[in-house]
Amino acid sequence: GSVGAPLRPAAWSCLHTFQKLNQRRYISSWLTRWFHKTPAKSVVAQKTPIKVELVAGKTYRWCVCGRSKKQPFCDGSHFFQRTGLSPLKFKAQETRTVALCTCKATQKAPYCDGTHRSERVQKAEVGSPL
């Protein structure tokens with residue numbers, strides 16, 4: 001037999017495929033880092049709701065992630081902090097003052113349902129998930 005024969009084409013194409021796979025894996029891990037498969041948990045922004053006057057017909061973006069500095073509304077923090085969450089868009093049906101949730105544990109988002117009074121919320125650290 002031929003000793004030290006040059007690498008056969010099959011071996012080269014195998015190596016090439018491996019490099020391509022690795023590259024694809026690298027890209028997908030990068031994408032996963034940016035776009036989480038499992039969204040981050042919402043964090044408690046505050047422990048009392050914020051009263052806001054909503055204007056009929058106006059659309060609002062309520063912060064879901066709890067990281068916005070413009071509570072109870074979204075300031076884009078969910079995106080920059082790569083949470084995988086998005087704000088809740090809603091349109092005011094009438095002009096009225098409402099209490100909007102800032103503990104992010106309400107069952108009636110975006111409105112406060114009193115959940116912030118629960119021991120679970122009261123014991124939680126502001127800025128941490130429940």
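For Cys74, tell me the accessible area in Å² from a 1.4 Å probe, rounded to the nearest 10.
20
With a point put 7 Å past each Cα toward its Cβ, work out how far Gln122 is from Gln46 in nm, to one decimal.
Using points 7 Å along Cα→Cβ, the separation is 1.9 nm.
Pop out the ³J(HN,Hα) list for segment 69-78 in order, Karplus 6.51 cos²θ - 1.76 cosθ + 1.60 with θ = phi - 60°, rounded to Hz; leave Gly and Pro as x.
So the J values, rounded to whole Hz, are 8, 10, 3, x, 9, 6, 10, x, 4, 4.
5 Å is the cut-off here: which amide hydrogens, built 1.01 Å from N in the peptide plane, fall below it relative to Asp113, excluding neighbours closer than 5 in sequence?
Amide H neighbours of Asp113: Gln107, Lys108.
The values are calculated or read from the model by the stated rules, or taken from the named source; none is laboratory data. Small disclaimer: the values here were computed from a predicted structure and weren't measured. Using ideal geometry, Cβ is built from the backbone for each residue, glycine included, and neighbour counts are taken over all protein chains shown. Areas reflect the complete protein model, heavy atoms only, side chains present, ligands, DNA and RNA absent. Shrake-Rupley method; radii C 1.70, N 1.55, O 1.52, S 1.80 Å.
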